[in-house]
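Beneath this line is the structure, given in structure tokens, with notes to follow.
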Amino acid sequence: MIWLKKEIEKFNPESAWLEAELLIAFVLNKERAFIYTIDFLEEEKIEEIKRLLDLRKKGIPLNYIIKKKEFYNTEFFIEKGVLIPRNETEILIEVAKDSILREGYYRVAEVGVGSGNISITLAKEFENIKIYACDISPKAIKIARFNAEINKVSDKIEFFYGPFIYPLIYRNIDFEILLSNPPYVASYEFPFLQKEVKREPWEALYGGWDGCEFYRTLFKILKDKGKKFVAILEISPFIYKKVLNIVKRFFNNVIVESFEDSLGYKRVLRVVWQ
Ligand SMILES: C[S@@+](CC[C@H](N)C(=O)[O-])C[C@H]1O[C@@H](n2cnc3c(N)ncnc32)[C@H](O)[C@@H]1O
């Protein structure tokens, strides 16, 4: 354990201990606590750990290796080809939960469902909820469906392959609130991304030259649709002002609230078009 932690420290000093625990638990196919109940590892398990350590050194994200990520107290199956859910996105969950409770929303749309972490978390929280979840990645839809099944919420979520809310528009499916954690990394940020992040799907990250392309297109579609809406959108703190200006350019009568993380960075916008 100590040698593994020291090896991991060379590329991930912040959470080397946790990562060592997770890798060993994965190889043993046991919970993390179990590893403290054994005195030694068989040679073949040590060889397997070394193989996985090599993958980590090459920049393969830990969650693609152990094939899971915890989000809002639920474990999600994760695989290469889908974005690894981030802890920051739990802020969007809190804002969405608050709005759904307060306004009694029932029909929810999500654009960019990824592994299903947002839709599935809300489906678990609310008895009477119907979620329409879209994504342009067939792999994401497949993984989100699987996660919905293992979390026993498949009956509350319908999945659609296609861009933005077009799959819902074409089927005349209406919704009261729209949620999205869209791709918002700008072109100029790409060279500075960690090598692990660069292994995640391009379509889950890339938000155009300024990181705002998704928001522009989404607002245009919503404006053309004409129906008043509530949208809860994740943003990066770097694009807060730009997205705010885009909202104001598209809609006259709009209320925008922002929500911050524990460090005071703006992470979520709640847009109410009246
Ligand atoms: C940042 S990831 C978010 C995934 C997941 N909801 C989460 O919070 O971890 C963005 C997702 O949006 C999808 N996506 C990108 N552009 C899209 C578009 N135009 N329409 C629908 N989905 C899109 C990507 O395939 C990806 O799964």
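The values are calculated or read from the model by the stated rules, or taken from the named source; none is laboratory data. What you see is a predicted model; the values in this text were computed from it and never measured. Ideal geometry is used to build each Cβ from the backbone, glycine not excepted, and the neighbour counts take in all protein chains shown. Just the protein is used for accessible areas: all its heavy atoms, side chains included, with ligands, DNA and RNA removed. Shrake-Rupley method; radii C 1.70, N 1.55, O 1.52, S 1.80 Å.
Excluding same-chain residues fewer than 8 positions from Lys30, which aspartates and glutamates have a Cα within less than 20 Å of its Cα? Straight-distance partners of Lys30: Glu19, Glu21, Asp39, Glu42, Glu43, Glu44, Glu47, Glu48, Glu70, Glu75, Glu79. Among Gly116, Gly264, Gly104, the largest mean-square fluctuation in a Gaussian network model of the chain, built with springs joining Cα atoms closer than 10 Å, belongs to Gly264.
In Å², and per residue, what accessible area does region 163-274 have when probed at 1.4 Å with the other protein chains present?
51
Relative to the longest principal axis of the Cα atoms of the chain, the long axis of helix 43-57 lies at roughly 40 degrees.
Think of it as helices only: each DSSP H run of n ≥ 4 in the chain is worth -39500 (n - 2.57), and spread over all residues that comes to -12000 deg cm²/dmol at 222 nm. Entry for the chain at q = 0.10, 0.12, 0.13, 0.15 Å⁻¹: log10 I(q)/I(0) = -0.56, -0.78, -0.90, -1.13, Debye formula applied to identical alpha-carbon scatterers, no solvent contribution.
For the pair Lys220 and Glu42, a Förster radius of 41 Å applied to the C-beta separation gives a FRET efficiency near 0.10, rounded to the nearest 0.05.
The long axis of helix 89-103 is offset from the longest Cα principal axis of the chain by roughly 40 degrees.
Quick one: check the C-alpha center-to-center distance for region 11-39 versus region 137-174, whole angstrom. For region 11-39 versus region 137-174, the Cα centre distance is 34 Å.
For the chain, the longest principal axis of the alpha carbon atoms and the long axis of helix 138-150 meet at an angle near 80°. Largest GNM mean-square fluctuation among Tyr188, Tyr206, Tyr215, using the chain with Cα springs under 10 Å: Tyr188.
For the chain, with all protein chains present and a 1.4 Å probe, just round the carbon and sulfur fraction of the accessible area to a whole percent.
Reported share for carbon and sulfur atoms: 52 percent.
When the chain is treated as a GNM with alpha-carbon contacts under 10 Å, the residue of Ile141, Ile46, Ile60 showing the greatest mean-square fluctuation is Ile46. Just the number, please: percent antiparallel of the DSSP beta bridges in the chain, rounded to the nearest 5. Counting only bridges with both partners in the chain, antiparallel ones make up about 45 percent. With Cα atoms defining each centre, region 255-274 and region 181-244 are spaced 15 Å apart in the structure. What Kirkwood hydrodynamic radius do you get for region 1-81 when you take the inverse of the mean 1/r over all pairs of distinct Cα atoms, in Å? Averaging 1/r across every pair of different Cα atoms and inverting gives 13.1 Å.
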